[in-house]
Amino acid sequence: MKKLRIFALVLVFALIAAACSSSSDDTTTTAASGGEETTTTAAQATTTTAAQATTTTAAAPMEIKTDFGVDLEAGTITVGQTADLTGSFAPLIKPIMAGQQLYWGWLNANGGIGGLEVQMETRDTGYTVEGTIAAYDEIRDKVVAISHTTGSPQTLAISDALEEDSMIAVPATWYSGWTDTNIAPTVLHLGAPYCLESMSLLDWVSSEWANEGNDAPTLALASIPGDFGLDSMAGALKWAEINGVEVVYDGSGTIIPGQDQKPVADAIVASGADMVYITTTPTTFSEVFGAALQQGFVGAKWSGSGPTYNPAFLGSPIADAIQAMWYGGFYGQPWGGDSAGMALVMQLVETQAPDMPANDYVGLGVTEAMLVHAALQKAYDNGDMTRAGVLAAVKSLDDVDFQGLAPNENYTGTTADQVQRAITLYRPSVANLEAGGSGSEIIENDFVGPTAGGFDFQEACYQF
Amino acid sequence: MMLDFVVFAQVGGQAAADKFANATSSGIALGAIYALLALGLVLIYKATQVLNFAHGAIAALGAFFAAYLATVINFPGRYVTFLPVTLQWILSALVAVLITAVVGLVLERLAIRPMIGEPLFSVVMITIALDIVIRTITDDFIGTNPRPLGDPWGADVIHIGPAFVAKSEMATVLVTLICLVGIALFFRSRYGVAMRATAFDQEAAMAQGISAGRIFALAWAIGAGLAAVAGVFSSLFPRSIGVSNTTAFFAFRALPAIVIGGLDSISGAVVGGFIVGLAESYAGAYLIGDSWSFLGLGFAGVMPYIVMLVVLIVRPYGLFGTEEIRRV
Amino acid sequence: MRTRPRLYVSYASEVSLLPTWTQKIAALLFLTVLVLIPFGLIPGLGFLADNDWMKILSRVAIFAIGALGLHILSGLAGQVSLGHAFFVGIGAYTAAILGGEVGKGTWGLGLPIWIWLPAAAVVAAVIGAVIAPVAVRVRGIYLAIVTLGLVFVGEWMFRSLPFITGGSQAGRKFPGFEFRFWMEETPFLDFTSDGAWFGVQMTSEAKTYILLLAFAVVAVVIAKNIQRTRIGRAFMSIRDRDIAAEVMGVADTKHKVMAFALSSALAGATGALMGAFVGRLIPEGFSLFLSIQFVAALLIGGLGTVSGTLLGAAFVVVLPRLVQDFTGLLAATAESGAGFLSAVAGFFVSTAEHDPGIVSTLPGPSPGLNIAQFNLLLYGLLLIGFLIFEPLGLYGIWIRIRNYWKSWPFTY
């Protein structure tokens, strides 16, 4: 007993001593080294879009202004991530982080940015506001840009600090407020916002419904509370209003994670809707869908915001029903699409992370990294790699090309100019999964529904 | 329009009966899971005076073992391929329950045995700490996506009268009844009587030659096994698509059941479980809609707790609990 | 007198908080060190003046106030309570309603801090006093479950009142640390911007830290004072044997209600300060896990003593940062490849995709737990370890060390 106590004491002191001695160290994690590149990647490196680094800049950098995160002598650029690695959206964020790691590693092996290597500095936030604030505080003086943040309230909570630091941040959320130039000016939108995604998806689903020879459909809505659910629902409600579709059940904000979801499913079934639009976490979605399925609710078409669907459904008892009834949308290109960007992603995964299962979110991580790369490259070319310089650089980009991984983005002009309206449509497919894909069968890239295309987007659909 | 209205009025009565039947059947299925969880909790509490806050985590661990055994390594199904698939899966689940019972034994020996005689506060906290540890490890095992259990009932639904009952729900109720009968029979056996004696008066039982340590270990093993069964059934269709990192929190919803029934009453636990399951189901079916919107969001989940608070005001030791005799 | 600290020659000196000169000087020294930390004047602790450590220390101060509240209820009065997070939330939202911005989607009256901070404590105390007579009808484990139920009911309440809390997952802004006389435009004392105080340039984090330190000192004095008064002794007698206490004339229910009220008051103040410090809180933050953190602080530090509570609060808040730095150090050692230490470190840490290890610092998929999971695991294991091996907590360890050196070299 006594020895155990002493051992415990020693352990505690060791912890304290180690922490005190290491607190001045930089705990940077380096990106995966790209030492195993084949010659084909080198060929792909010399494409002509602004998003790609050219391998020609071997000359020493001219007068580059820097403040934080860029070390010209050591030849490194540090970008930070305040990511949810352990909370409710960790399953989606981990592949995103892997994608970023792969991309930066590939970039470093192909000349970096003017010969400077990019390093990642990741912190876990646990999907909480305090965690995000603490994580950002830890890295704010070490990085020149934030290439990933998770969660809208979390990102909003640090938006004042981001503005103070003139630090750009790329959120992995599609809250429509990021496009609104009045909210969080240094946060960059990437992908169609939830409300416009809803309009495009509903346009598609209703046209599928009509193609099957049916009359005017009725719509049921359900979502979790918060911006993810309510922004999406705002779009769906606007769509219903514009197209004169009857909403027979409005369950916006009624799905509470941790509760029994049968009441929501019962309400949807009782309403007898033809189309169901639901935006929530994958676990709660499976509960609602399962409970509705149990009651024989098989005639409707289900759709919802991107993160609602999880390919794990295809290995579960609801696989057949999901294949038949789910119509999904995604902000970028799902796995297996045919574009130069997706080919690069798939090749990087096969060579460097062969055990990672096919996943739609890896491409998203690469897209985030590509955006930050474009910003950093432009800042380098301008000779100003201070954080404010990077911000100014990105705000001058009007056509960022992701090589097909995502629709091109524009960061200049008004809110209406900048908003992204295109999404990718897909359907779940077990055959795709068994063939080695991610289970998403792409139906159409860069789709803009008529309602979404014609909508006058001036401000965020959902205000916090 | 008028025709729609007439048709609606005709089916009004039918719809109400359907709604009641569906709410009852899902309430019974939910109540069965709560009863299993409550049974395990009360068994552990009666024998060792410890309320096991780690029950949910153990349930999730058990469900994970079942998923792993059934889908990843197919043990022992590999060796008994002459049996039908259903039986193979049941065998895997049984092995998972046994492994979880062993885990319960280990936990009792490592973490609970040293805490005998410590104040209540510390005992409560150690089970909460155990919950954190087991949950973190289990989440790491499960991984980031939910794991389906590979059960043979899948998404099959049958009709019993107007109600839609999933086959897995029927299996849940059946297994719960088997467990109840099993526990009742166990209490008539030698070790069962010894456990009852230890729960009643530990010193007198030890004076009769009953090894209290062995009884504690047995109680935790059986409790953990019951938790595993509950975990497996709470991860099936239609409740979920598999074991995920939210499975462990399910057990907190069963706490009102044991309090309503009384912490040291086995039959009270079971009755409490079914009461809470039915109450939650009816609240979810009837207390929704615009006229009930003042109740806010997720009232059905918090209603068992409110019922529990009311019961405790009236009877501070639960409906069937025995009042504690305190001496100065 | 100087060599016999336990000899009290007057009642005043017996009940005083710092009876001996040693204790007085030690306390003064400690306080001075704490105040001078943000200026980097303490050798060896200079790294604590960085902004992120300032924020951590500020969070320690806020957490300590809440832990002291729970100490009054559980450490002094012996009532098991898992419901502390509920009262923290009540205090936070009272402050939000009274001090929040006017005209936004959520309720806010824009009142100054000298109204919303005390009001948060008072309202939480009143609600604690209302709930307590019902809660104390039950004892022991039932009380633990009732308070647990309180947390869930609280979560439902906060979720269902979006005009107060901003709605589930969304949250709202909280009033910050700005001192105004009444609702004028510019505050006369502003802690949210860097500036000069008495000629010394200070960051806003340093200013906030000093303010929160002052609040924490006030809370410590309150807690210590309660311990030495009649009420404190009544609480302790209830903790030990409540029937015997009642027989001796200590009104059972009345004192338990008082304990609940006092503890809720401190919890409410904690909530208001937390909201002001973080700026934006979501209702899901007032969950069972927050209650568990307070109880853990109490148990790790040492149940029943104020110093123990403070030690425990500091430990619980600083632990994640310690673990992060420690694991980072391990990862760096493993990667440096230098000798035996590197091999040991490599065993623990997974530095690449297929490198086996217990914990991994890589953001992508790799075997082993990630930092936050490892944090949680360590948290649970440390709790279990302390409960089994050192029930007196960190304070108990300190007492052992002190006693060892007191009787050195005759330490047998």
Looking at this structure, is C:SER237 in a helix (DSSP H, G or I), of a type outside the set (Val, Ile, Thr) and touching a Phe, Trp or Tyr at 6+ places or on another chain (Cβ under 9 Å)?
no
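For C:THR333, indicate whether it is within 12 Å of chain A (Cβ to nearest Cβ), touching a Phe, Trp or Tyr at 6+ places or on another chain (Cβ under 8 Å) and more than 23 Å from C:LEU212 (Cβ to Cβ).
no
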Can you confirm whether B:PHE216 is within 14 Å of chain A (Cβ to nearest Cβ) and either surrounded by fewer than 23 Cβ atoms within 10 Å (Cβ to Cβ) or in a helix (DSSP H, G or I) (or both)?
no
Just give me the residues in the stretch C:107-155 being more than 30 Å from B:LEU255 (Cβ to Cβ), out of contact with any helix residue (DSSP H, G or I) (no Cβ under 6 Å at 6 or more places or on another chain) and assigned to a loop (DSSP other than H, G, I, E, B), in sequence order.
C:GLY108, C:GLY110, C:PRO112
Residues of the stretch A:170-227 that turn out to be in a helix (DSSP H, G or I), in contact (Cβ under 8 Å) with a residue 40 or more places away in the chain and farther than 29 Å from A:MET97 by Cβ, as a count
8
Do you know which residues across the stretch B:285-328 are closer than 25 Å to C:THR165 by Cα, more than 8 Å from chain C (Cβ to nearest Cβ) and assigned to a loop (DSSP other than H, G, I, E, B)?
B:LEU287, B:ILE288, B:GLY289
Please specify each residue of the stretch A:321-342 satisfying the condition of being in a helix (DSSP H, G or I) and touching a residue at least 40 places away in the same chain (Cβ under 8 Å).
A:ILE322, A:GLN323, A:ALA340, A:GLY341, A:MET342
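From A:GLY337, A:GLY328, A:GLY365, grab the single residue that is farther than 27 Å from A:ASP203 by Cα and either surrounded by fewer than 24 Cβ atoms within 10 Å (Cβ to Cβ) or not charged (D, E, K, R) (or both). First the steps, then the outcome.
Details: A:GLY337 fails: farther than 27 Å from A:ASP203 by Cα; A:GLY328 fails: farther than 27 Å from A:ASP203 by Cα.
After ruling out the rest, the residue left standing is A:GLY365.
Condition check ((1) assigned to a helix (DSSP H, G or I); (2) within 14 Å of chain A (Cβ to nearest Cβ)) across all residues:
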site: B:ALA227; (1), (2): yes, no
site: B:PRO238; (1), (2): no, yes
site: B:ILE241; (1), (2): no, yes
site: B:ASN245; (1), (2): no, yes
site: B:ARG253; (1), (2): yes, yes
site: B:ILE258; (1), (2): yes, no
site: B:GLY272; (1), (2): yes, no
site: B:ILE275; (1), (2): yes, no
For B:THR48: the one exception among (1) over 17 Å from the mean Cα position of the chain (by Cα); (2) surrounded by fewer than 24 Cβ atoms within 10 Å (Cβ to Cβ); (3) under 21 Å from B:ALA219 (Cβ atoms)
(2)
Of all residues being free of Cβ contacts under 8 Å to residues at least 40 places away in the same chain and touching an Asp or Glu at 6+ places or on another chain (Cβ under 7 Å) in the stretch A:408-445, which is surrounded by the fewest Cβ atoms within 10 Å (Cβ to Cβ)? Just the residue, please.
A:THR412
Mind checking which residues of the stretch A:448-457 are under 18 Å from A:TYR426 (Cα atoms) and in a loop (DSSP other than H, G, I, E, B)?
A:VAL448, A:GLY449
Of the numbered conditions (1) of a type in the set (A, V, I, L, M, F, W, C); (2) surrounded by 24 or more Cβ atoms within 10 Å (Cβ to Cβ); (3) under 18 Å from C:TYR209 (Cα atoms), C:LEU31 satisfies every one except a single condition; which is it?
(2)
Just checking, does the stretch A:291-298 include any residue being surrounded by 23 or more Cβ atoms within 10 Å (Cβ to Cβ), at the interface with another protein chain (Cβ under 7 Å from one of its Cβ atoms), part of a helix (DSSP H, G or I) and in contact with an Asp or Glu (Cβ under 8 Å, 6 or more places away or on another chain)?
yes
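Out of A:ALA358, A:ALA460, A:ALA416, report the one residue that is modelled with pLDDT under 90, assigned to a loop (DSSP other than H, G, I, E, B), among the aliphatic types (A, V, I, L, M) and more than 16 Å from A:ALA343 (Cα to Cα).
Just one listed residue meets the conditions, A:ALA460.
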Scanning the stretch B:132-143 residue by residue, those touching a residue at least 12 places away in the same chain (Cβ under 8 Å) and hydroxyl-bearing (Ser, Thr, Tyr) turn out to be B:THR138
Exception for B:HIS159 within (1) within 21 Å of the chain's Cα centre (by Cα); (2) in a strand (DSSP E or B) falls at (1)
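Among the candidates C:VAL9, C:VAL80, C:VAL60, which residue alone is in the same structural domain as C:THR229 (by TED's automatic domain parsing), part of a loop (DSSP other than H, G, I, E, B) and more than 23 Å from C:THR165 (Cα to Cα)?
Selected residue: C:VAL80, the only one of C:VAL9, C:VAL80, C:VAL60 that is in the same structural domain as C:THR229 (by TED's automatic domain parsing), part of a loop (DSSP other than H, G, I, E, B) and more than 23 Å from C:THR165 (Cα to Cα).
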Could you grab me the full set of residues in the stretch B:51-108 that are of a type in the set (D, E, K, R) and buried (at least 21 other Cβ atoms within 10 Å of the Cβ)?
B:GLU108
Lone unmet requirement of (1) within 14 Å of another protein chain (Cβ to nearest Cβ); (2) assigned to a helix (DSSP H, G or I); (3) crowded, with 24+ Cβ neighbours inside 10 Å for A:VAL269
(3)
For the stretch B:114-131, which positions are free of Cβ contacts under 8 Å to residues at least 60 places away in the same chain, in a helix (DSSP H, G or I) and of a type in the set (Val, Ile, Thr)?
B:ILE126
Answer with yes or no whether B:ILE241 is surrounded by 24 or more Cβ atoms within 10 Å (Cβ to Cβ) and free of Cβ contacts under 8 Å to residues at least 60 places away in the same chain.
no
Any chance the stretch B:144-166 includes a residue that's within 14 Å of chain A (Cβ to nearest Cβ), free of Cβ contacts under 8 Å to residues at least 24 places away in the same chain and on the phi > 0 side of the Ramachandran plot?
no
Restricting the stretch C:308-333 to residues that are over 20 Å from C:LEU394 (Cβ atoms) and in contact (Cβ under 8 Å) with a residue 40 or more places away in the chain, which is surrounded by the most Cβ atoms within 10 Å (Cβ to Cβ)?
C:THR327
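The values are calculated or read from the model by the stated rules, or taken from the named source; none is laboratory data. Everything numeric in this text was worked out from a predicted model, so none of it was measured. Cβ coordinates were reconstructed from backbone atoms using ideal geometry, including for glycine residues, and neighbour counts include every protein chain displayed.
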